[in-house]
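Undergrad: Let me begin by handing over the structure; questions about it come next.
The values are calculated or read from the model by the stated rules, or taken from the named source; none is laboratory data. Remember, it's a predicted structure, so these values are computed and weren't measured experimentally. A quick note on method: Cβ atoms are made from the backbone with ideal geometry, for glycine too, and the neighbour counts reach across all protein chains shown. We work out accessible area using only protein heavy atoms, side chains counted, and drop any ligands, DNA or RNA first. Shrake-Rupley method; radii C 1.70, N 1.55, O 1.52, S 1.80 Å.
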Amino acid sequence: MRLDINLVNAGIWIAQLLVAVFFIVGFIDIYMAVWNAAFRNLHTKQENKILYRVLLILMSVGISSILHFAGYNSVTNAMMYHNVGLFILVFTLFDEEINIWEYLIRCGALSVVWTVHHINDITTLRFLISIVVLVAMMVIIRRYQKRITRHLVANAIVFAVLALDFWLTLPHWMDGIMVNGVIDEEAILMFFLMSIFTWRQHRVMVKNDQISHSANYDTMTNTKNYAAYQEDIFTAVGVARTNQQPLALAVFDIDRFKQINDKYGHLAGNIVLTGISDLVKQTLRQYSNDYQLYRTGGEEFVIIFPNSTTEEIIPVLIHCWRTVREHRFDYNTDVIKVTISIGMTGLKSDDDSIDTIYKRADDSLYDSKRHGRDTITVDGEEQDLCTDTAHKTYAYFVQNIYEIKSGMTHVANELKLRSYDHDTGKWTDPPQVELDFELRLKLITDALINSTCKKIVIKLSTAEFLNPRVVTELINFRKGVDGPESLIVEIDRVPSIDMLKQTVALYHQSDIRVMVSQIGNNRHFERISPVLESIDGIKLSLTNMREYGSGNLQDNIQFWGRIANKWRLEFILDGVINEEEASWAPSQSFITYVEGDFFDRCRLPLSA
């Protein structure tokens, strides 16, 4: 009779083990599918990647919580529910791609579950020892994730230690459930076998992911390769055609790279290739996670810019070009200075294949080579990069900004940088100039001293806006004795959302407001909408919109005006040049300020 009872108990335990293993196998399969969408799928948008990463946390914490809840409300299957719930939390700690905060959230959930199970003896030494061992294992897992997951024995030891630590330190009574030696043995063995049975499945999935990653990424630079480019450009062109969106494509290579290899050796060349790849990827991430870099062969790289015009991307390329140009690569005792040549084009309606747009960008790259290298060419036109600023004269001109509701009252000055052409004797609007910010601040101070209005708006490039040194200097300038009464920083494109929010918070701490300009037509709403809660105003320029006709012009003004009104943002209408526009603007309740040549022209700040 006793033997029959033991056989029945063994049968129940085996059935529970099979249910637990099959459940875990299914969970791992679903978890890895979501994981691939979050970390590996080349076509997943950045905002969707964030959602998938949140879903991974919800899957691990949520499903585990449900199982533990079921365990507390079950008698015969309580041990199985608790084991599976615990296993899920431990398994997801081995995710190599999650950041430290995602890891800590999982650790926090595991610690809560651990504490709830020990709630009846939380003040005992036994519980303290249990927690110390748990924390130690969390640290070990975080530090040696890859080593543990690669070896079956190491993986089994980690799961066995956690099972022993959990079950052997439980109180004898856990919410009505009696925990005895037999239960401990069965639970520990089940947990251990679950780790053994699922290890191979997880390893196969990880191996398949590594193979897929190797097929799409360059091994040396960890940059997407030519195969990934071929797939992505085909998709990007299709999306642009379907949604009637622009698309820009840039090709660049390293100037005189063969000479670097010949002079310093191939190891130095590899350091340069990897360094430039990292620099460009870091710069692109400041603007958008949708901008992707590819190493398509040797020292040649390609960048795809979805939903962006060439005019919008020129400042981004200049930032990449300047970042590489100013960097110094150290190799042994040598310092290697490197430049790049860039060609860019945009998708055209008559492009009949992806090779057509690539050839046009590649032709512009060779135009850059013919122009002497170290430059940028867009559709055959070399860009004026203003590299020689030391021999030029600069000054800030001012243009008045008027508040409509108070009867066109002059309330602020926008400062606009101008350079003096000594050949023609005229002040001009310099294209793409990058002045040292200390000089720029001196010019701003000079303009402020010569103006009666001490409320100013200054425009920064995205690189300047995000630069910590520039942020600090602007804050000190704002707080200084000679600083302005009010300061608004204007940027003409939105950087990556996280970086913008962090930087805006710093500016706001010193009462510096942030405005986004060049918002253009309705296409830009998707890019700007995530930051509306962080910024203080938007500025719409009429200059670049007149080509669409007055009807469309007013539609766009009303579209952005309603957005400004909804988010309680200041709305500046810039570029007013005639009486019709000046008389129409006050009738729109959402327009806060106006500026333009109709009211006064940009001029030197002589008591402006």
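Undergrad: Can you confirm whether segment 240-248 contains a residue that is part of a helix (DSSP H, G or I) and farther than 14 Å from residue 354 by Cβ?
TA: Looking through segment 240-248, at least one residue is part of a helix (DSSP H, G or I) and farther than 14 Å from residue 354 by Cβ.
Undergrad: Now a separate question. Would you point out which residue out of 93, 67, 55 is under 26 Å from residue 161 (Cβ atoms), within 32 Å of the chain's Cα centre (by Cα) and hydrophobic (A, V, I, L, M, F, W, C)?
TA: Just one listed residue meets the conditions, 93.
Conditions tested, residue by residue: (1) part of a helix (DSSP H, G or I); (2) at pLDDT 95 or above; (3) surrounded by fewer than 18 Cβ atoms within 10 Å (Cβ to Cβ).
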position: 463; (1), (2), (3): yes, no, no
position: 489; (1), (2), (3): no, yes, no
position: 494; (1), (2), (3): no, no, no
position: 499; (1), (2), (3): yes, no, yes
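Undergrad: Please go through segment 106-120 and pick out each residue that is loosely packed, with under 14 Cβ neighbours inside 10 Å and either under 31 Å from the mean Cα position of the chain (by Cα) or modelled with pLDDT of 90 or more (or both).
TA: Result: 108, single match.
Undergrad: Further question: Looking at (1) within 20 Å of residue 366 (Cβ to Cβ); (2) surrounded by fewer than 21 Cβ atoms within 10 Å (Cβ to Cβ), which is the one condition that is false for residue 250?
TA: (2)
Undergrad: Kindly indicate whether residue 72 is touching a Phe, Trp or Tyr at 6+ places or on another chain (Cβ under 9 Å), more than 28 Å from residue 203 (Cβ to Cβ) and modelled with pLDDT of 80 or more.
TA: yes
Undergrad: Being within 26 Å of residue 32 (Cα to Cα), in contact with a Phe, Trp or Tyr (Cβ under 9 Å, 6 or more places away or on another chain) and touching a residue at least 24 places away in the same chain (Cβ under 8 Å) is the requirement here; does residue 166 meet it?
TA: Spelling it out, it is not the case that residue 166 is within 26 Å of residue 32 (Cα to Cα), in contact with a Phe, Trp or Tyr (Cβ under 9 Å, 6 or more places away or on another chain) and touching a residue at least 24 places away in the same chain (Cβ under 8 Å).
Undergrad: Let me ask something additional. Could you run through segment 52-88 and say how many residues are in a helix (DSSP H, G or I), over 14 Å from residue 24 (Cα atoms) and of a type outside the set (Gly, Ala, Ser)?
TA: Total meeting the criteria: 13.
Undergrad: I've got another one for you. Which residues, counting only those in segment 434-458, are surrounded by fewer than 19 Cβ atoms within 10 Å (Cβ to Cβ) and not in a helix (DSSP H, G or I)?
TA: 434, 435, 436, 450, 452, 454, 455 - these are the residues of segment 434-458 that are surrounded by fewer than 19 Cβ atoms within 10 Å (Cβ to Cβ) and not in a helix (DSSP H, G or I).
Undergrad: Here's another thing I want to ask about it. Any residue in segment 546-561 that is of a type in the set (Lys, Arg), modelled with pLDDT under 80, open to solvent by 30 Å² or more (accessible area, probe 1.4 Å) and over 17 Å from residue 414 (Cβ atoms)?
TA: yes
Undergrad: Sticking with this one: How many of the residues in segment 465-487 are more than 18 Å from residue 315 (Cα to Cα), crowded, with 20+ Cβ neighbours inside 10 Å and either in contact with a strand residue (DSSP E or B) (Cβ under 6 Å, 6 or more places away or on another chain) or basic (Lys, Arg) (or both)?
TA: 2
Undergrad: Additional query: Going residue by residue through segment 512-525, is there one that turns out to be closer than 27 Å to residue 45 by Cβ, under 19 Å from the mean Cα position of the chain (by Cα), modelled with pLDDT of 90 or more and not in a helix (DSSP H, G or I)?
TA: Yes: segment 512-525 contains one or more residues that are closer than 27 Å to residue 45 by Cβ, under 19 Å from the mean Cα position of the chain (by Cα), modelled with pLDDT of 90 or more and not in a helix (DSSP H, G or I).
Undergrad: When you go through 18, 56 one by one, which is the residue that is of a type in the set (A, V, I, L, M, F, W, C), within 25 Å of residue 112 (Cα to Cα) and at pLDDT 85 or above?
TA: Of the residues listed, the single one that is of a type in the set (A, V, I, L, M, F, W, C), within 25 Å of residue 112 (Cα to Cα) and at pLDDT 85 or above is 56.
Undergrad: Looking only at segment 162-220, filter to residues that are hydroxyl-bearing (Ser, Thr, Tyr) and modelled with pLDDT of 70 or more; which one of those is surrounded by the fewest Cβ atoms within 10 Å (Cβ to Cβ)?
TA: 219
Undergrad: Please determine whether any residue of segment 271-292 is crowded, with 22+ Cβ neighbours inside 10 Å and not in a helix (DSSP H, G or I).
TA: Yes, segment 271-292 contains a residue that is crowded, with 22+ Cβ neighbours inside 10 Å and not in a helix (DSSP H, G or I).
Undergrad: Counting residues that are more than 24 Å from residue 25 (Cβ to Cβ), which helices (runs of 4 or more DSSP H) fully inside segment 89-179 reach at least 3?
TA: The helices (runs of 4 or more DSSP H) meeting that bar are 100-117, 125-143.
Undergrad: Of everything in segment 20-33, what is open to solvent by 40 Å² or more (accessible area, probe 1.4 Å) and among the β-branched types (Val, Ile, Thr)? Give them in sequence order.
TA: Hits for segment 20-33 are 25, 30.
Undergrad: For segment 34-49, give me the residue count where each residue is open to solvent by 60 Å² or more (accessible area, probe 1.4 Å) and modelled with pLDDT of 85 or more.
TA: 0
Undergrad: Cβ-Cβ distance below 8 Å, separation of 6 or more or different chains: which pairs start in segment 96-111 with a residue that is of a type in the set (Ser, Thr, Tyr) and end on one that is part of a helix (DSSP H, G or I)?
TA: Once the first residue is of a type in the set (Ser, Thr, Tyr) and sits in segment 96-111, its partners that are part of a helix (DSSP H, G or I) give 103/93; 103/142; 111/131; 111/134.
Undergrad: Is there a residue in segment 254-261 that is of a type outside the set (S, T, N, Q) and either touching a Pro at 6+ places or on another chain (Cβ under 7 Å) or open to solvent by 50 Å² or more (accessible area, probe 1.4 Å) (or both)?
TA: yes
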